[in-house]
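Contents: one structure, followed by commentary.
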Amino acid sequence: ILNVEQSPQSLHVQEGDSTNFTCSFPSSNFYALHWYRWETAKSPEALFVMTLNGDEKKKGRISATLNTKEGYSYLYIKGSQPEDSATYLCASYSGGYQKVTFGTGTKLQVIP
Amino acid sequence: DGGITQSPKYLFRKEGQNVTLSCEQNLNHDAMYWYRQDPGQGLRLIYYSQIVNDFQKGDIAEGYSVSREKKESFPLTVTSAQKNPTAFYLCASSPGLAGMYEQFFGPGTRLTVL
């Protein structure tokens, strides 16, 4: 079983602040990394699927980078808004391993 | 609207009883998955299915069973052999193999064993 770790476990920021989280994963046999946003009382929703070393993806104020050689990915939120409050999950997929392994998530609370 | 539905939202079961959780998708996805969430842990894979009439065990399959008779449906049975079944269960689907495709999730079922 892969070991996927996320930090910090939880985070409180003021509205308008920028923030970032880390996802660490085993770099050997890497295939893909996913980021999901999970709002309370809703279903997790995909933010990014990243496969190549050096990948950078952006969706509005949210962006992510990927370093497959050292086994980490950063998720950035610029100018946090209260609607960004959610748990952010990362998940790593290893080649030849027919499934995705999830981290425990980073819970973000944006204070108005 | 396309999506994934799970029912029921809350489920209570007496010890020793089997119970089946429903998962239906109208996204025309080939692959479907069942995950379990416990406090302080990441989502853990129970079973997955890449095509109809085929499914594979995930990391924590003991005490669970599934079927995939139709593309749209992937029910999960929690049997009496599952030692600690109280948890939140999520169903998901993807167009193809996990990894290259994002997964689409249902709203979940919270199972409580009394």
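Placing a label point 7 Å from the Cα of A:Q81 along the Cα-to-Cβ direction, the residues of the range A:25-67 with a backbone N closer than 12 Å are A:60-62. The distance between label points at A:E70 and B:S67 comes to 5.1 nm (points 7 Å beyond Cα on the Cα→Cβ vector).
Once you treat every alpha carbon in the range B:1-68 as an equal point and sum by Debye, what is log10 I(q)/I(0) at q = 0.16, 0.22 Å⁻¹? Here log10 of I(q) over I(0) equals -0.66, -1.18. For the protein assembly as shown, the average shadow cast by the Cα convex hull is 12.3 nm², which is a quarter of the hull's surface.
Taken as Cα centroids, the range A:54-89 and the range B:1-76 sit 29 Å apart, rounded to the nearest whole angstrom.
Applying a threshold of 32 Å to the alpha-carbon distances of A:K58/A:K107; B:K9/B:K83; A:K42/B:K70; A:K78/B:K70; A:K59/B:K57 flags A:K78/B:K70; A:K59/B:K57 as lying beyond it.
The mean of 1/r over all distinct Cα pairs in chain A, once inverted, gives the Kirkwood hydrodynamic radius of 14.0 Å. Length gained on full extension, B:Y10 to B:T112: 35.9 nm, using 0.36 nm per residue less the C-alpha separation.
Bear in mind these aren't lab numbers, they're just calculated from the coordinates by the rules spelled out. Note that the structure is a prediction, hence the values are computed from the model and not measured. Ideal geometry is used to build each Cβ from the backbone, glycine not excepted, and the neighbour counts take in all protein chains shown.
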